[in-house]
Amino acid sequence: ALLPQRKLQCCGWEASYHYEPAGPVSGDYCDIVPTGPNREAFLFVLGDVSGKGLAASLLVAHLHAVFHSLVSFDFPVEKLMARANRVLCESVLSTHYATLICGVADAKGNVRLCNAGHLPALLLHNNQLKSLNATGMPLGLFCDGQYTVHHLKLEPGDKLLVYSDGISEAMKNGEEYGTERVSRVASACGQLSGKELLGACMEYLNRFMGGARKSDDLTLMAIQRMAP
């Protein structure tokens with residue numbers, strides 16, 4: 001019930017995601033929230049909380065509540081992240097934290113993105129792949145944490161791909177799938193639509209796993225700039 005709709009079209013963008021928990025509950029947080037009085041922008045979030053099982057899923061529910069309560073204030077994304085970090089830090093155990101990517105995309109193609117200790121977001125722009133590294137510490141570690149911003153301008157057809165470490169850390173016979181494979185698949189399939197790109201990523205991962213059991217939650221999200 002906490003998941004957003006599978007495919008969101010808003011203000012010249014299309015957002016899609018794939019969400020595959022490893023068990024009955026998940027420690028991955030995935031959210032897409034239209035913002036502004038006229039839905040002229042939207043917030044997207046993908047994160048991975050510490051721990052497993054029920055405790056992790058409760059922390060995901062807490063994060064969902066925090067972001068949905070803060071988004072109405074229309075903070076700049078770096079201030080939104082700082083506020084969310086403080087709330088999390090002051091309300092959970094010191095061993096609980098979350099790596100997380102949060103961005104805001106507007107109708108002009110601008111994206112402001114913060115990466116709180118998460119895997120790099122992948123930008124597909126003009127048939128080139130660029131990794132967007134962390135801009136701050138994971139949420140919940142230090143109450144006074146601050147975040148800088150990646151300022152992006154996406155053209156029609158450009159995409160952002162974000163994912164949880166259940167993808168990159170998937171193991172088979174002691175071999176890790178790895179971030180390099182994720183980047184290679186994204187680069188090779190960059191001309192596909194966002195939804196098709198997610199399908200290709202999962203196809204290559206499943207081919208690598210060869211039927212082996214996945215031991216962690218898997219979440220991917222594609223944010224695509226559409227033609228006007």
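Any idea which of (1) open to solvent by less than 10 Å² (accessible area, probe 1.4 Å); (2) farther than 21 Å from Cys89 by Cβ; (3) of a type outside the set (Val, Ile, Thr) is the one Gln5 doesn't satisfy?
(1)
Go through the stretch 64-117 and give me each residue that's of a type in the set (Val, Ile, Thr), part of a helix (DSSP H, G or I), open to solvent by 10 Å² or more (accessible area, probe 1.4 Å) and touching a strand residue (DSSP E or B) at 6+ places or on another chain (Cβ under 7 Å).
Matches in the stretch 64-117: Val71 only.
Look through the stretch 178-213, keep the residues that are outside any helix (DSSP H, G or I) and surrounded by 13 or more Cβ atoms within 10 Å (Cβ to Cβ), and return whichever of them is modelled with the lowest pLDDT.
Kept after step one, since they are outside any helix (DSSP H, G or I), are these residues of the stretch 178-213: 178, 189-193, 210-213.
In the following step, the residues that additionally are surrounded by 13 or more Cβ atoms within 10 Å (Cβ to Cβ) were identified as 178, 189-190, 192-193.
Details: Gly178: 96, Cys189: 94, Gly190: 89, Leu192: 94, Ser193: 94.
Going through the qualifying residues, I end up with Gly190.
Looking at the stretch 140-157 only, could you name the residues that are surrounded by 13 or more Cβ atoms within 10 Å (Cβ to Cβ) and either among the basic types (Lys, Arg) or out of contact with any Phe, Trp or Tyr (no Cβ under 6 Å at 6 or more places or on another chain) (or both)? Explain how you work it out, then say what you get.
Just the residues of the stretch 140-157 that are surrounded by 13 or more Cβ atoms within 10 Å (Cβ to Cβ), to begin with: 140-142, 145-147, 149-150, 152, 154, 157.
Across the stretch 140-157, the qualifying residues are Phe142, Gly145, Gln146, Tyr147, Val149, His150, Leu152, Leu154, Gly157.
I want to confirm something. Restricting to the stretch 214-228 and keeping residues that are over 27 Å from Glu40 (Cβ atoms) and either of a type in the set (D, E, K, R) or in a loop (DSSP other than H, G, I, E, B) (or both), which single residue is most open to solvent (accessible area, probe 1.4 Å)? Walk me through it before giving the result.
Just the residues of the stretch 214-228 that are over 27 Å from Glu40 (Cβ atoms), to begin with: 214-218.
Still in the running and either of a type in the set (D, E, K, R) or in a loop (DSSP other than H, G, I, E, B) (or both): 214-217.
Numbers: Lys214: 52, Ser215: 91, Asp216: 30, Asp217: 16 Å².
Residue satisfying both the conditions and the ranking: Ser215.
If you go through the stretch 163-177 one residue at a time, how many are open to solvent by less than 20 Å² (accessible area, probe 1.4 Å) and either in contact with a Cys (Cβ under 6 Å, 6 or more places away or on another chain) or assigned to a loop (DSSP other than H, G, I, E, B) (or both)?
Initially, the stretch 163-177 is screened for residues open to solvent by less than 20 Å² (accessible area, probe 1.4 Å), giving 163-164, 166-168, 170, 177.
Next, from what is left, pick out any that are either in contact with a Cys (Cβ under 6 Å, 6 or more places away or on another chain) or assigned to a loop (DSSP other than H, G, I, E, B) (or both): 164, 170, 177.
Total meeting the criteria: 3.
One residue is enough: does the stretch 127-138 have a residue meeting the conditions under 28 Å from Val60 (Cα atoms) and out of contact with any strand residue (DSSP E or B) (no Cβ under 7 Å at 6 or more places or on another chain)?
So the first thing to find is which residues in the stretch 127-138 are under 28 Å from Val60 (Cα atoms), and the list is 131-138.
Subsequent filtering for residues that are out of contact with any strand residue (DSSP E or B) (no Cβ under 7 Å at 6 or more places or on another chain) retains none.
No - not one qualifying residue is present in the stretch 127-138.
Tell me, which residue of the stretch 129-145 that is at pLDDT 95 or above and assigned to a loop (DSSP other than H, G, I, E, B) is nearest to Asp31 (Cα to Cα)? Can you show your working first?
Let us first name the residues in the stretch 129-145 that are at pLDDT 95 or above, namely 129-139.
With assigned to a loop (DSSP other than H, G, I, E, B) added as a condition, the list becomes 133-135, 137-138.
Numbers: Asn133: 20, Ala134: 19, Thr135: 20, Met137: 20, Pro138: 17 Å.
Across the stretch 129-145, the extreme among qualifying residues is Pro138.
Between a first residue in the stretch 206-228 that is within 30 Å of Lys108 (Cβ to Cβ) and a second residue that is part of a loop (DSSP other than H, G, I, E, B) and among the aliphatic types (A, V, I, L, M), which pairs have beta carbons less than 7 Å apart while being 6 or more apart in sequence or on different chains?
Close Cβ pairs satisfying both conditions: Arg225/Leu154.
The values are calculated or read from the model by the stated rules, or taken from the named source; none is laboratory data. All values derive from a computational prediction rather than experimental measurement. Ideal geometry is used to build each Cβ from the backbone, glycine not excepted, and the neighbour counts take in all protein chains shown. Keep in mind that these areas ignore ligands, DNA and RNA; they rest on the heavy atoms of the full protein, side chains included. Shrake-Rupley method; radii C 1.70, N 1.55, O 1.52, S 1.80 Å.
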